[in-house]
1. Out of the stretch 419-451, which residues are in contact with a helix residue (DSSP H, G or I) (Cβ under 6 Å, 6 or more places away or on another chain) and at pLDDT 95 or above?
2. Out of all the residues in the stretch 334-373, which are among the small types (Gly, Ala, Ser), surrounded by 15 or more Cβ atoms within 10 Å (Cβ to Cβ) and closer than 25 Å to residue 304 by Cβ?
3. On the basis of being under 30 Å from residue 342 (Cα atoms), surrounded by fewer than 20 Cβ atoms within 10 Å (Cβ to Cβ) and not aromatic (Phe, Trp, Tyr), does residue 275 make the cut?
4. Mind telling me which of the residues 367, 379 ends up being in a helix (DSSP H, G or I), over 27 Å from residue 259 (Cβ atoms) and modelled with pLDDT of 95 or more?
5. Which members of the stretch 293-329 meet the condition of being farther than 26 Å from residue 417 by Cβ and open to solvent by 20 Å² or more (accessible area, probe 1.4 Å)?
6. Pairs please, first residue from the stretch 288-312 and under 20 Å from residue 271 (Cβ atoms), second anywhere and of a type in the set (D, E, K, R) and crowded, with 22+ Cβ neighbours inside 10 Å, Cβ atoms under 9 Å, 6+ apart in sequence or on different chains.
7. In the stretch 404-437, how many are of a type in the set (Gly, Ala, Ser) and open to solvent by less than 30 Å² (accessible area, probe 1.4 Å)?
8. Could you grab the pairs with beta carbons closer than 6 Å, sequence gap of 6+ or different chains, first residue in the stretch 52-63 and buried (at least 21 other Cβ atoms within 10 Å of the Cβ), second one of a type in the set (S, T, N, Q) and at pLDDT 85 or above?
Amino acid sequence: MGLKRYNAASFFDWQSYHTQPMRVHLQALGCRLNEAELETWARDFRTQGIDVAEDVADADIVVINTCAVTAESVRKSRNLVRRAQRQNPAARLVMSGCYAALSPEQAADELGVDLVVGNAEKDRLVEITQQALSLPVMPQGATEPGEHPLLKRGRQRAFIKVQDGCRYRCTYCVVTLARGEERSRSVDEIIDEINGLHAQGIHEVVLAGVHLGGYGSDKGLTLSDLVQNVLARTTIPRIRLGSVEPWDLPADFWRLFENPRLMPHLHLPIQSGADSVLRRMSRRCKADEFNALIQQAREQVKDFSVTTDIIVGFPGETEEEWQQTLAFVEQVRFAHVHIFAFSAREGTKAATLPLPVSRALKRERSQQLHALAARHKQQTLQQFVDRKFEVLIEGNRENDDAGNPIWSGYTPNFLRVRVPAAPSLDLHNQLLNVRTRAVSTDGEALLADLL
Ligand code: SF4
């Protein structure tokens, strides 16, 4: 048993950011399980746009996974918390693990931690931390160009960066300041990369860019030209598009989805449902235009599903504007909404805007939107019950009551599916036909059976 300091570089191939996202420092005392949890949390924090800091002094949040197996481990756990407070008094402190579970009041009152997450809720530590501390996290698109947290990288899915840079100046976005002019990779280079990955057993690629819709602007090409080429010159079974700004899809875009290898799901970040907020953000899209776009997509693309990002608490967001956002979300009914509380980024115009929204109000509004989005996700899933789909199986993290593994993967329109299978079967990275039978009780996935 010993102290484990989480070393980000040992687990991940970090992208070099030009910007400074929020950072979390993770520490564990005790058993291997406590250590393994750090790795999962680190990954989950990262997909939420929160970087992992190796040094406690560099962190905005410190998470300590405590131990209580002996009196000595309790003492060490308490010391660890105190040391973290000394080294970084400004950081928000989150405590979990056995000591925190056995003495939550002591942990909260005596040690003054901001949040105690019980062992039963450890799997949701990242989500609970985000909600409870109302973490000011900016849209992932602004911190991690090209890779949206919704579409996680995996052994079966690869991201192909097709362009960099953005011509726009959304007032909250730092990427545009740091990434400069738009530059696109050549079609040949992209095709070679996809074919290479396919040969290595990857079944799905996500074409991604800081401003994906601007692909080819420096080469006299459009995103449609690229997709057409990829469809014609590769045989990889699944092609997805990363986050695309909702205002610059090429005119002939929807026809591309007639090819079933282009997956019928788009992540179109709207950020607010109030036109006045969208104007303050310098976004190029109005709520009605977005709505019309989605209607068009739903008419033309079979089983089309749409997900989005919403920033809660942009400076000056009034109650009326907030109600407009809720009404807009109610109208569109997204399959998933990625919700971010606004935080000012130095150097951006938004950081200089008056009337900041209080942390408490941001938290309240986030919770409202979370509830609404969860209801819509469930309704979307319900719509696809009793249907046949080809699912790309990504992994198995749970077992059913009989101890059989439950595998999970995604439908073409990016709905999560859980499928039980016999323990002898290894379904990882396989494309399999399933029939959906119900929505899971947590409302997060479709339950299905192998065909
Ligand atoms: S479109 Fe806006 S949010 Fe997206 S990268 Fe460009 S400036 Fe940033």
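1. Those that are in contact with a helix residue (DSSP H, G or I) (Cβ under 6 Å, 6 or more places away or on another chain) and at pLDDT 95 or above: 439, 446.
2. 335, 373
3. On the way: under 30 Å from residue 342 (Cα atoms): yes; surrounded by fewer than 20 Cβ atoms within 10 Å (Cβ to Cβ): yes; not aromatic (Phe, Trp, Tyr): yes.
Against the criterion (under 30 Å from residue 342 (Cα atoms), surrounded by fewer than 20 Cβ atoms within 10 Å (Cβ to Cβ) and not aromatic (Phe, Trp, Tyr)), residue 275 qualifies.
4. Details: 367 fails: modelled with pLDDT of 95 or more.
Exactly one of 367, 379 is in a helix (DSSP H, G or I), over 27 Å from residue 259 (Cβ atoms) and modelled with pLDDT of 95 or more, namely 379.
5. Filtering the stretch 293-329 down to residues farther than 26 Å from residue 417 by Cβ leaves 293, 295-296, 311-328.
Answer for the stretch 293-329, where residues must be farther than 26 Å from residue 417 by Cβ and open to solvent by 20 Å² or more (accessible area, probe 1.4 Å): 293, 295, 296, 318, 319, 320, 323, 324, 326, 327.
6. Close Cβ pairs (under 9 Å, with a partner that is of a type in the set (D, E, K, R) and crowded, with 22+ Cβ neighbours inside 10 Å) amount to 311/317; 312/362; 312/365.
7. Pass one, the stretch 404-437, residues of a type in the set (Gly, Ala, Ser): 408-409, 421-422, 424.
Within this subset, residues satisfying the condition of being open to solvent by less than 30 Å² (accessible area, probe 1.4 Å) are 408-409, 421.
Residues in the stretch 404-437 being of a type in the set (Gly, Ala, Ser) and open to solvent by less than 30 Å² (accessible area, probe 1.4 Å): 3 in total.
8. As it stands, the answer is none, since no pair meets every condition given.
The values are calculated or read from the model by the stated rules, or taken from the named source; none is laboratory data. Quantities reported herein were computed from a predicted structural model and do not represent experimental measurements. We place every Cβ from the backbone using ideal geometry, glycine too, and count neighbours over all the protein chains shown. All accessible areas refer to the heavy atoms of the entire protein, side chains included, with ligands and DNA or RNA removed. Shrake-Rupley method; radii C 1.70, N 1.55, O 1.52, S 1.80 Å.
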